[in-house]
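Enquirer: Below you will find the structure I want to go over with you.
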Amino acid sequence: MDQPLAGKTIAILVANGFEETEMTEPQRALLKTGASLKVISPEQGLVNGWHGKAWGHYFPVDQQITEVLAADFDMLILPGGERSVAKLAGNAHVRRIISSFMDGGKPVAAIDDGVSLLAVAQKASGRTMTASPTVRETLEAAGAVWSDEPITLDKALVTADGLDSLPAFVDQLVKSFTDAAQVKKAA
C-alpha cells in the first residue's frame with residue numbers, strides 16, 4: 001500500500017462546535033496515506049463536533065493550542081463550524097500558529113467558514129480563496145481575492161466553499177499535501 005505521507009504530522013485545529021464531517025472525512029483519507037493526525041484545540045481533554053443540526057461526537061484533543069508550535073507539524077487543516085471558528089478567532093495562539101504555517105509556506109487546507117481564520121491571522125491578503133458565502137465580505141475586507149469556484153488552490157493553500165464540496169476538497173488536499181511532501185523529500 002502506497003503511503004506517501006508516512007512520517008508527516010498533520011494538525012487539525014478545532015474548538016467545540018466544529019463541523020464534524022469537515023474534520024473526519026479529511027482525517028480518514030489522510031490516515032490512508034500514512035500521515036499522523038493530531039487534533040489541536042483550546043479545549044481540555046475532548047472537543048465536541050457539530051453534526052447536521054445538533055451536537056455530534058466527542059473527539060480526544062491530542063495537544064493544547066497553548067503548547068503547540070507550527071514547527072511540530074508538516075501541514076494544517078482548518079475545518080469550519082460557526083461555533084468553533086468564533087471561539088478560535090479570539091485566540092492569540094490560533095493566530096500565531098496559522099501565521100507560522102502561512103509564513104513558512106507549509107500546506108494549509110481550510111473549508112467553509114474555517115477559511116475566515118486566515119483573515120483573522122492576517123494571512124488572506126493577496127491570496128485567491130473561496131469559502132462559505134457568509135465569510136466572503138470578511139475575506140475581501142482582509143485583501144483576499146474571492147473565487148466562485150468550489151475549490152481553490154493558491155500555492156500551498158487549499159480552500160473550499162462548504163459541505164457540498166467536501167469530497168472534492170478531500171481529494172485536493174490529499175493531492176496537495178502529497179505533492180508538497182514529495183517536493184520536500186526531493187529537496
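The values are calculated or read from the model by the stated rules, or taken from the named source; none is laboratory data. Bear in mind the structure is a predicted one, so any value in this text is a computation, not a measurement. For neighbour counting, all protein chains shown are included, and Cβ atoms are generated from backbone atoms with ideal geometry for every residue, glycine included. Side chains are part of the model used for accessible areas, which takes the heavy atoms of the whole protein and leaves out ligands, DNA and RNA. Shrake-Rupley method; radii C 1.70, N 1.55, O 1.52, S 1.80 Å.
Enquirer: Are there any helices in the chain, counted as whole DSSP H runs, that stretch 24 Å or more along their axis by Cα and score at least -1.0 on average by Kyte-Doolittle, and if so which? If you can, show how the numbers build up before the last one.
Expert: On the way: long enough: 166-186 (30 Å, 0.20).
Within the chain the helices that satisfy the rule are 166-186.
Enquirer: Report the full-extension gain for the segment K184 to D72: residue separation times 0.36 nm, less the Cα-Cα distance, to one decimal in nm.
Expert: Numbers: separation 112, 0.36 × 112 = 40.32 nm, distance 1.57 nm.
Contour length minus the Cα-Cα distance gives 38.7 nm.
Enquirer: On to the next question. Let me know the Kirkwood hydrodynamic radius for the stretch 58-106, please, with Cα pairs as the basis and the value in Å to one decimal.
Expert: 11.8
Enquirer: Between T9 and E137, what is the label-to-label distance in nm when each label sits 7 Å out along the Cα-to-Cβ direction?
Expert: Inter-label distance under the simple model: 4.0 nm.
Enquirer: Show me, bin by bin at 10 Å from 0, the whole-percent P(r) of the stretch 35-74 based on Cα pairs.
Expert: Calculated over all Cα pairs of the stretch 35-74, the distribution is 28, 44, 25, 3 percent.
Enquirer: How long, wide and thick is the stretch 57-187, going by the Cα atoms along their three principal axes, in whole angstroms, largest first?
Expert: 36, 31, 31
Enquirer: Taking 0.36 nm per residue of sequence separation and subtracting the Cα-Cα distance, how much length would be gained by fully extending the chain between Q64 and S125, in nm to one decimal?
Expert: 19.1 nm
Enquirer: So, taking all protein chains as they sit and a 1.4 Å probe, how much accessible area belongs to T159, in Å² rounded to tens?
Expert: Solvent-accessible area, nearest 10 Å²: 0 Å².
Enquirer: Quick check for you: which residues of the stretch 67-93 have the amide N under 18 Å from the point 7 Å beyond the Cα of D103 toward its beta carbon?
Expert: 67-76, 91-93
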